[in-house]
Amino acid sequence: MSVAELNTYRIADIGVTLAPGVSGRNTAFETAFAASRGAVVPVRDGTPESTAVAPRTASTDYFAIISSPEAEVFYRQRTIEILRGEMDKQVGRALLGQRPARLDVVITSLTLPNEAMRILVSQHHVMKATITMRDATSGQALMVYPDMTMLIDGGGGLVGTFLVPALAGGPVERLGAQMAGNYRNWLLQN
């Protein structure tokens with residue numbers, strides 16, 4: 001597509017879907033979902049939390065709650081919401097033409113290692129996506145970016161694992177921002 005033709009479009013809609021088996025489940029989402037159901041992270045005996053003056057009471061069904069089908073729906077919806085928001089923020093107003101276009105973002109792979117894995121082996125967060133820009137009227141594919149890969153530091157080690165998310169945001173937010181920025185740059189350079 002020529003630059004002149006690309007500039008006749010504007011992004012009118014952004015759709016994000018997760019391929020089967022992709023959930024976006026991570027510790028922050030688990031904790032949020034469990035809290036919304038009145039459950040708290042179980043406290044093990046011998047930890048500082050268990051000796052506090054007013055320790056939290058552990059919910060025996062915490063692990064069942066965060067592994068439930070309802071929780072999986074929450075993880076997927078929250079992931080889609082965050083990724084769509086990042087794409088809208090960075091790409092939604094990148095084109096200023098009159099013809100409506102739709103971005104179809106399909107997340108084909110998403111790896112979000114938990115804190116234990118990041119502390120022990122310093123794993124990274126990785127996401128792969130295929131992004132198709134379509135004419136919103138005809139549905140015709142205009143441009144396709146296949147297999148876009150985003151990789152962010154998991155914050156390896158004890159300090160980094162907890163410091164990075166506190167300073168830079170959660171892994172889904174950071175992957176979404178990277179995807180949106182990469183796509184915007186690619187789109188405007190083509």
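None of the figures in this text is laboratory data; all of them are computed from the coordinates on show. Note that this is a predicted model, so its numbers are computed, not measured. Ideal geometry is used to build each Cβ from the backbone, glycine not excepted, and the neighbour counts take in all protein chains shown.
Starting at the first residue of the range 97-112, write each ³J(HN,Hα) from the Karplus equation 6.51 cos²θ - 1.76 cosθ + 1.60 with θ = phi - 60°, in whole Hz, x for Gly and Pro.
For the range 97-112, the Karplus curve yields x, 9, 6, x, 10, 10, 9, 10, 9, 10, 7, 8, 7, 8, 10, 10 Hz.
If R0 is 45 Å, what FRET efficiency do you get for Asp135 and Ala28 from their C-beta distance, rounded to 0.05? Walk me through the intermediate numbers first.
Values: r = 37 Å, r/R0 = 0.83.
About 0.75, to the nearest 0.05.
Between Ala35 and Leu188, what is the FRET efficiency for a Förster distance of 45 Å, r being their Cβ-Cβ separation, to the nearest 0.05?
Values: r = 41 Å, r/R0 = 0.90.
So the FRET efficiency works out to roughly 0.65.
Rank-order 7-18, 123-134, 62-73 by packing density, defined as the average count of other C-beta atoms within 10 Å over each peptide's residues, highest first. Walk me through the numbers before you get to the answer.
Working: 7-18: 17.3, 123-134: 20.5, 62-73: 14.2.
Ranked by mean Cβ neighbours within 10 Å, highest first: 123-134, 7-18, 62-73.
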